[in-house]
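The values are calculated or read from the model by the stated rules, or taken from the named source; none is laboratory data. Given the structure is predicted, the values throughout are model-derived calculations rather than measurements. As a convention, Cβ positions derive from the backbone with ideal geometry for all residues, glycine included, and neighbour counts pool all protein chains shown. Each accessible area value is taken on the protein alone, full model and side chains, heavy atoms only, with ligands, DNA and RNA left out. Shrake-Rupley method; radii C 1.70, N 1.55, O 1.52, S 1.80 Å.
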2 protein chains.
Amino acid sequence: MKQNNNGDSAANIQNSLKQYTVTFLPFDISIDVPAGTSVLDAIKKAQLPIKATCGGKGTCGECLIRIISGSYRPRPGTKLSQQVISRGYSLACNTQINDHLTIELPQFQELTIQGTHNSVFFENRKHQLSGIYKLNPLVKSIDVQLPVPNLEENYSDLTRIKRALRKMSGIETVRCSYPVLQTLASTLRKNRWQVSIVLSKFGDSWLIIDIRSPKAQDRIYGIACDIGTTTVALQVIDLSNGKICYSVSSYNQQLKCGEDIISRINYARTPDRLTELQHLVVLTVNTLIRSTTEKLEISPQDIYLASIAGNTTMMHLLLHLDPRYIREEPYTPTFNQIDLISARDIGLNIHPDARVHLAPAVGSYLGGDITAGLLCTPVPGDDHQISAFIDIGTNGELVIGNREWLLGCACSAGPAFEGQGIQCGMPAAEGAIEQVSFEKSGSIRYKVIGNTKPKGLCGSGLIDLLAELFIHDYIDRYGKFNECKVNHKLVETDSGIGFLIEEAENCYWGKNLTIAEKDIANLIRTKAAIYSAISLMLKYIGINSSQINAFYIAGGFGKHLNIENAIRIGLFPDMPRENFHYLGNSSLVGACLMLMADENRKLVNDIAEKMTYIELNSEPGYMNEYTGALFLPHTEMGLFPTVKSIIKR
Amino acid sequence: MKQNNNGDSAANIQNSLKQYTVTFLPFDISIDVPAGTSVLDAIKKAQLPIKATCGGKGTCGECLIRIISGSYRPRPGTKLSQQVISRGYSLACNTQINDHLTIELPQFQELTIQGTHNSVFFENRKHQLSGIYKLNPLVKSIDVQLPVPNLEENYSDLTRIKRALRKMSGIETVRCSYPVLQTLASTLRKNRWQVSIVLSKFGDSWLIIDIRSPKAQDRIYGIACDIGTTTVALQVIDLSNGKICYSVSSYNQQLKCGEDIISRINYARTPDRLTELQHLVVLTVNTLIRSTTEKLEISPQDIYLASIAGNTTMMHLLLHLDPRYIREEPYTPTFNQIDLISARDIGLNIHPDARVHLAPAVGSYLGGDITAGLLCTPVPGDDHQISAFIDIGTNGELVIGNREWLLGCACSAGPAFEGQGIQCGMPAAEGAIEQVSFEKSGSIRYKVIGNTKPKGLCGSGLIDLLAELFIHDYIDRYGKFNECKVNHKLVETDSGIGFLIEEAENCYWGKNLTIAEKDIANLIRTKAAIYSAISLMLKYIGINSSQINAFYIAGGFGKHLNIENAIRIGLFPDMPRENFHYLGNSSLVGACLMLMADENRKLVNDIAEKMTYIELNSEPGYMNEYTGALFLPHTEMGLFPTVKSIIKR
């Protein structure tokens, strides 16, 4: 309840002195706030991510929360039906705290698998890896029992450690970080000369970055992180055995400053806003670290290594570098590859001397997410045949080549397949429809991640839906409704007439799940941008799609991408289906490979060195290709013989 | 004038609003202070060094200043004669600021030569150097004209620089510091792709630590620094030509926390006091840097490299390391050698990414000042003969050996020869008597540094004085006055009866210059500690002094150390005079050699590795040796045949 100037101020003041504890899930993070605080303010105070485009006016409906325990007064708004409210949902901006509450932030469901052991995780992908798959990280921990100094052997504490390390593990060149040196004398004596030494490799020498009590439960951890324009994914890896302990992801909090790269670059044009963007992306990663380490019951200080993959703009913003020259001709980034960043430099909440390795970029529009992703494919290692790799995120990037050569290009696909800009779209998280098929009866079958009521559709679901609408002639080749055929399925939506996927009562939000022509047009533009990039690259190289041996697909579509449907809508060329391989988030897996073995860091640098970037926009015929692809599946039906035959049938 | 509560408060308040500018010499540093501020407070506010043991009560007389311009009201105190006051002297604690003033801080006269060109400086010492004498510093500056990026060549800014450096100077492995990266894009464009790149060598690779406009006047500088327990000396070196631009020194501001190493270690026993000591030594160095760079009209940011030599305790305090274990058995320092410190780490006011190299120590009582000093002697490079090196500062350290072996020891000599603890003593600065001889007529001849009226005696002057007193039978072998012979020269002093060196009217301070028996006893204790260390080391090795080929002497005695007199008082063994070589501040020269060529840094590490420390205190016979040396020249006159023959004569 907001304070009204109605004379009841004494009670209000008294009430405002009360403090309530609010616990946020899935992060399991608690803070105390004064009574009367809005949940939105509490979320901001806890430095947790929340999207609220309208700024707390209650109009955008994005700041959805679910109250798990504690009493609160539900306030119906235009955006939430009574049915949804009855299940505990509320808008954070519209809810005051007057009790101890446990609140779930549904926006930040974990999107990826948890606790997967690497032997399972990587074994399935082994044949798809260019990177090596063995554990040899740049950080290690060695337990030593030092000889106690006496008058005959009173060499310095540091010399004592160096000698012990040389004797125990043959390490010759050891340096010591200044922070470790500052407490070295007391640390050694407090632990009675028995300590665990954490070393980080630096060129040919090892740097002591921590000295700890040699407790068996103190492991050394690393994090692998994929920083996408829309979502950020993070894995915590136990560097002593290579096990992936936890995977988690959330929206990139920079989203509120713009949905795509160009709008972020525009936003960053003042120093303050550049700083804001840097803080937001670090806050996103730190929130994931905090949530993960609390679940694992480990200290963030025990994370001694990080590897991060992301597009060039994201990496510039992460390092607080002005990204304007990425956008201005001739599109020159400040750096492609750098290896001297520590967690302290950028404010990552792990051990301050943890090295942070960034996957190397090729150029302004071909970033480290792509080079890291290629590590997870056989493309850069293939001797004889030509293969292709495509990563469809907010931007689409395509690489074609083999061991000898790699050509890459980028296209502004837009985030439609990540669920952004599509009313019924959402990331591949709990509640997302990931598979759709239309029954002969006319009913719609679908599969929901987490087997809940559906909240929306993720990329793979949207591709299925679009393909089924097209194949069943509910939409024409332009993406317009064939009203004579689909009329019975059309309903009113906020965006005009739309196709009804599921009725309100069966949906998570208690609202109809629909797709409007506007959304279909958005999806077609996106698939056209991707297809025309593929087509143009093949022409540039002088081959056709039948000469592509294998086609690796990365992106956040969801676990099950239906290749048949992707071809039916004209997203990918009409090639034998068995040549396509869906990888999921290859950028994250690549970052994980870089973390686990230093050899992979060298491999990924080689990949970046070897790759040539092709500027598609400056290729003649670009607009023709794109315009031709703005149909389902394409203007030239001859390019899609299998689709043509289905439609005829 | 102090404010009296006499009703005149309105005028006082008005006056206190006035600000006056005070300029301090020799630093040439100005600050504005409100009217009525004491000069002592102004000096503290300006963060300039001042010694005031009594804490500003006007009783110790140490905070002497000289007012060069501006009006002030002189206030006679117990410590200053009217004659001294009439020449502009005053006590800082006792002087209020009520005008713009220019004030000289006599304590901080520069003690060393200024603007000496290295060709002169080192040429004279060349035959005494183990270190190489060529210019090859770890920092260099390279001017590059980068190709302007275009769509065909739009690789990153950093790649552009790396390619240019490879092309121009063959440097293969280049990294970039994070601060440089953060402004790289705008720096390159602002300077139209023509820049001067400052590189610092780091292992086998070069690190870009600065990128500047390529102005001809922007040179790159380094500093060499000797941090002694009593005095700190600093040189600024132009790293593009090896020229020593400026030399300056002052008291170590830690002096107020204790005069010797042990008292500093005791003082540092709480974290706050350790921090205070760290700040004080950095403040001392920063003050010398500020004063020097202002005189040279260069920016401290243009200093890109530092090398520092000092004893082990000083280096621990500089790095904010708890020094207690240096003092506690078994006397284990935290480190002897470390090479990862940057100016930023310790707060040195030079370029924050400037590397700071510390001369390596051998152990708790044989520090980097000694290894650096040995670089300036042929001792560690001599193939055949055995030589000795002794550095007499607040502590005395002795090293004997050759190319094959080096044995070192230390003794707590005390700072008597640096002028501390002797009423008429002072460092070898302007106004110090550096040579003394007694005429047959009975009059005393002396030479004053700077040809001013004498203020006191530096080490070489004290040695001369003691020898002359002894040879002329004015004192006996115990250091007591032979009253029958010297009666006419004895006067009352603050410390009892003393020998009159010069009468008040001829002295700088307008007070008699005298030496009391207490001071003589102090000098004898110091010389006994040094001689007994030499004697015991020779016995330990199993040689006698005639087998020492050359004897190198370092310390702040002054420019002219009279070896004959040093032997007469029994400070050094009775050896052929031509075998002695006086080096001056070899620690500073060694630091300078380390700065100028990386090869010397390796040489000095080898010296430290090779050296073995001998704990004299635990040697049997130590007390016997010391007690025997508490006479002039020694109990056993047979050890000093040439002195014996003079006395007989």
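Computed values, structure above
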{"item": "Partner aspartates and glutamates for B:Lys256 [C-alpha distance under 13 Å; skip if fewer than 8 residues away on the same chain]", "result": "B:Glu62, B:Glu276"}
{"item": "A:Arg273 accessible area, assembled protein chains, probe 1.4 Å, Å²", "result": "80 Å²"}
{"item": "In Å², nearest 10: area of A:Ser177 left accessible to a 1.4 Å probe", "result": "10 Å²"}
{"item": "Long-range HN-HN contacts of B:Asn512 with modeled amide H, under 5 Å", "result": "B:Ala504"}
{"item": "Average accessible surface area per residue within chain A, 1.4 Å rolling probe, Å²", "result": "39 Å²"}
{"item": "Position B:His384, label points 7 Å along Cα→Cβ, spacing to each other copy in nm (shortest first, one decimal)", "result": "7.4"}
{"item": "Exposed chymotrypsin sites (Phe, Trp or Tyr not before Pro) absent - longest run of chain A, DSSP non-H/G/I/E/B, at most 14 other C-beta within 10 Å", "result": "A:1-404"}
{"item": "Sequence of A:Lys162, B:Lys134 when ordered by accessible area, the most exposed leading, probe 1.4 angstrom", "result": "B:Lys134, A:Lys162"}
{"item": "Nearest-0.05 FRET efficiency for B:Lys648 and B:Thr270, computed from C-beta distance (R0 51 Å)", "result": "0.35"}
{"item": "Potential lengthening between A:Arg403 and A:Asn136 on full extension [0.36 nm per residue; Cα-Cα distance subtracted]", "result": "93.7 nm"}
{"item": "Cβ neighbours within 10 Å from other chains - mean over B:632-641", "result": "0"}
{"item": "For the axis carrying chain B to chain A: nearest C-beta residue of B, whole Å", "result": "B:Gly203, 3"}
{"item": "Positions from the range A:172-213 whose accessible area shrinks by 20 Å² or more when the full protein complex is built, not the chain alone, probe 1.4 Å", "result": "A:Arg175, A:Cys176, A:Tyr178, A:Leu181, A:Gln182, A:Ala185, A:Arg189, A:Phe202"}
{"item": "Ascending list, in nanometres, of distances separating the A:Arg66 label from those of the other copies (7 Å, Cα toward Cβ)", "result": "8.4"}
{"item": "FRET E, pair B:Lys539, B:Arg219, Förster distance 45 Å, beta-carbon r, rounded to 0.05", "result": "0.30"}
{"item": "In the B-A interface, the accessible area buried, summed over both sides, Å² (probe 1.4 Å)", "result": "3500 Å²"}
{"item": "For B:150-156, mean number of other protein chain Cβ atoms within 10 Å", "result": "6"}
{"item": "Projected label distance in nm at A:Lys602 and A:Glu439, using a 7 Å step from Cα toward the beta-carbon", "result": "5.9 nm"}
{"item": "Kyte-Doolittle mean at least -1.0, axial Cα span of 20 Å or more - DSSP H helices of chain B", "result": "B:271-296, B:517-541"}
{"item": "Loop trypsin sites (Lys or Arg not before Pro), the range A:499-563 (other Cβ atoms within 10 Å of the site Cβ: 15 or fewer; DSSP)", "result": "A:Lys559"}
{"item": "For the protein assembly as shown: rounded, prolate or oblate by the Cα gyration tensor [a/c cutoff 1.5]", "result": "prolate"}
{"item": "Helix-derived mean residue ellipticity, 222 nm - over chain A, DSSP H n ≥ 4, -39500 (n - 2.57), to 500", "result": "-9000 deg cm²/dmol"}
{"item": "Chain B: C-alpha gyration tensor shape, a/c 1.5 cut-off, then a/b vs b/c", "result": "oblate"}
{"item": "The range B:429-512 - percent of accessible surface contributed by carbon and sulfur, probe 1.4 Å", "result": "44 percent"}
{"item": "Accessible-area value, B:Lys453, 1.4 Å probe, nucleic acids and ligands omitted, Å²", "result": "90 Å²"}
{"item": "Loop sites in the range B:224-310: GluC sites (Glu not before Pro), DSSP, at most 15 other Cβ within 10 Å", "result": "B:Glu297"}
{"item": "Loop-located GluC sites (Glu not before Pro) in the range B:347-433, at most 15 other Cβ atoms within 10 Å (DSSP)", "result": "B:Glu404"}
{"item": "Label geometry 7 Å along the beta-carbon vector: A:Arg577 inter-copy distances in nm", "result": "10.7"}
{"item": "Global form of the range A:429-512, assessed from the alpha-carbon gyration tensor, a/c cut-off 1.5", "result": "prolate"}
{"item": "Pairwise FRET efficiency - A:Asp383 versus A:Ile68, Cβ, R0 = 56 Å, nearest 0.05", "result": "0.50"}
{"item": "Accessible surface ranking that places the most exposed of B:Met623, A:Met314 first, with a 1.4 angstrom probe", "result": "B:Met623, A:Met314"}
{"item": "Relative contact order (%) - chain A, alpha-carbon pairs under 8 angstrom, separation at least six", "result": "12 percent"}
